[in-house]
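Values in this text are rule-based calculations from the coordinates and carry no lab data. Everything quoted here is computed from the prediction, not taken from an experiment. Counting neighbours? That spans all protein chains shown, and the Cβs are built from the backbone with ideal geometry, glycine included.
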Amino acid sequence: MTSSLLPDPVIGVLLAGGRSARMGRCKQVLPWIRDGHRTTVVAAAHDTIAPYVESMFITVGLHGSAIRASLGDRRVTSLDVDPEGSMLDSARAGIEAALSAGAARVLLHLSDHPGVGSSTIERLLDAETRRTDFVHPRHDGRGGHPIVLSSSAARRILEAPLADGLRSARELPGLTVQAVEVDDPGIHLDLDTPDSWGEGLESI
């Protein structure tokens, strides 16, 4: 799962530790379509970032068994997290594992964001962003996911009090932040409710 774009180890982290309470069922295993092929939400999110990382971790909680089954034989290491914990708790678990695996950069993606384009990942990881601590995409005036963290930023996130979760990391002193403009509404596609899932499928 290594891309020639990357001179330094980039480790992927997928966050899938939540309860899917607003969806009413495990949203990661719902059907999705990627590149014209039927798959699942979490598999699509995985396949979006897999070509650009050397290895990948996924945080799982209440629905861990179903999510792992949905990923089939894809090369990914699952990390069990508290389903009652916050997204930041889940992110920290994945970031810590990525740093322990030798990550120079961490590509952090949400498992319920299956609509991100490959060109967006390439833009986030290109030569112009390699020395930036916190890189995120922006479309139509709004930021989205995934994000790319330097190892320095990743370590700071593990240690710093972040009142507003990962968003707060952009305000940490001494870190460089870059918003990359992309023509990709998929960075905003967040499958939290049955309506958002249905609307997302219609937009493919």
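Some observations on this one:
- Simple spin-label estimate for ALA127 and ARG68 gives 4.3 nm between the two label positions (7 Å along the Cα-to-Cβ direction from each Cα).
- The H on the amide N of THR39, modeled in the peptide plane, is under 5 Å from the matching H of TRP32, ILE33, ARG34, each at least 5 residues off or on a different chain.
- Mean residue ellipticity at 222 nm, helices only, the chain: -8000 deg cm²/dmol; runs of at least 4 DSSP H residues each add -39,500 (n - 2.57), and the sum is divided by the number of residues.
- In this simple spin-label model, placing a label point 7 Å from the Cα along the Cα-to-Cβ direction at both ARG155 and SER118 gives a separation of 3.5 nm.
- The label-point distance for ASP89 and GLU171, in a model that sets each label 7 Å from Cα toward Cβ, rounds to 2.3 nm.
- Tensor-based shape of the stretch 8-107 (alpha-carbon gyration tensor, a/c under 1.5 rounded, otherwise prolate or oblate): oblate
- Whole-Hz couplings from phi, Karplus 6.51/-1.76/1.60, listed for the stretch 105-118; x for Gly and Pro: 9, 10, 9, 9, 10, 9, 5, 9, 10, x, x, 6, x, 4
- Of the peptides 108-115, 60-67, the order by per-residue mean of other Cβ atoms within 10 Å, starting with the highest, comes out as 108-115, 60-67.
- Label point of SER78 set 7 angstrom out along Cα-Cβ; within the stretch 44-71, amide nitrogens under 12 Å from it belong to 58-71.
- Amide H contacts of SER55 (H built 1.01 Å from N, in plane; Pro and chain starts excluded): GLY12 sit under 5 Å, all sequence-distant by 5 or more or on other chains.
- Global geometry of the chain, whether rounded, prolate or oblate, following the gyration tensor of its Cα atoms and the 1.5 cut on a/c: rounded
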